[in-house]
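Structure first, commentary second.
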Amino acid sequence: MGARHPLPYAYAKAHTLLLEDDGDRLVLWAPETVSLSALGEVLRLYRVDQLQRESASTLGNRIAAAYAGSESSAATV
């Protein structure tokens with residue numbers, strides 16, 4: 001499941017960014033308020049195919065659900 005969400009949980013949560021990998025493409029979900037430095041760091045490390053916008057509150061809930069019980073959770077760090 002970690003490959004489905006390649007960003008470390010702590011980074012995803014701190015910057016409200018969700019990177020999804022469906023095996024064919026990477027989609028980065030970000031709020032309108034995303035910091036350019038956080039966005040730039042993800043784009044530097046990953047070949048993102050698509051950028052999608054979502055409200056910070058909705059995205060925060062999606063991040064929590066995506067990483068719940070996964071290998072990328074903070075519990076395994």
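The values are calculated or read from the model by the stated rules, or taken from the named source; none is laboratory data. Quantities reported herein were computed from a predicted structural model and do not represent experimental measurements. Note that each Cβ is placed from the backbone with ideal geometry, even for glycine, and that neighbours are counted across all protein chains shown.
Results, tabulated for the structure shown:
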| item | result |
| --- | --- |
| Every pair of residues 6+ apart whose Cβ atoms lie under 7 Å, when the first sits in the range 1-14 and is closer than 21 Å to residue 55 by Cα and of a type in the set (Gly, Ala, Ser) while the second is assigned to a helix (DSSP H, G or I) and at pLDDT 95 or above | 12/63 |
| Residue check for residue 59: farther than 13 Å from residue 5 by Cα and surrounded by fewer than 14 Cβ atoms within 10 Å (Cβ to Cβ) | no |
| Candidates 27, 34, 42 - the one that is modelled with pLDDT of 95 or more and in a loop (DSSP other than H, G, I, E, B) | 34 |
| The lone exception for residue 35 - which of (1) hydroxyl-bearing (Ser, Thr, Tyr); (2) under 11 Å from the mean Cα position of the chain (by Cα); (3) over 19 Å from residue 64 (Cα atoms) it fails | (2) |
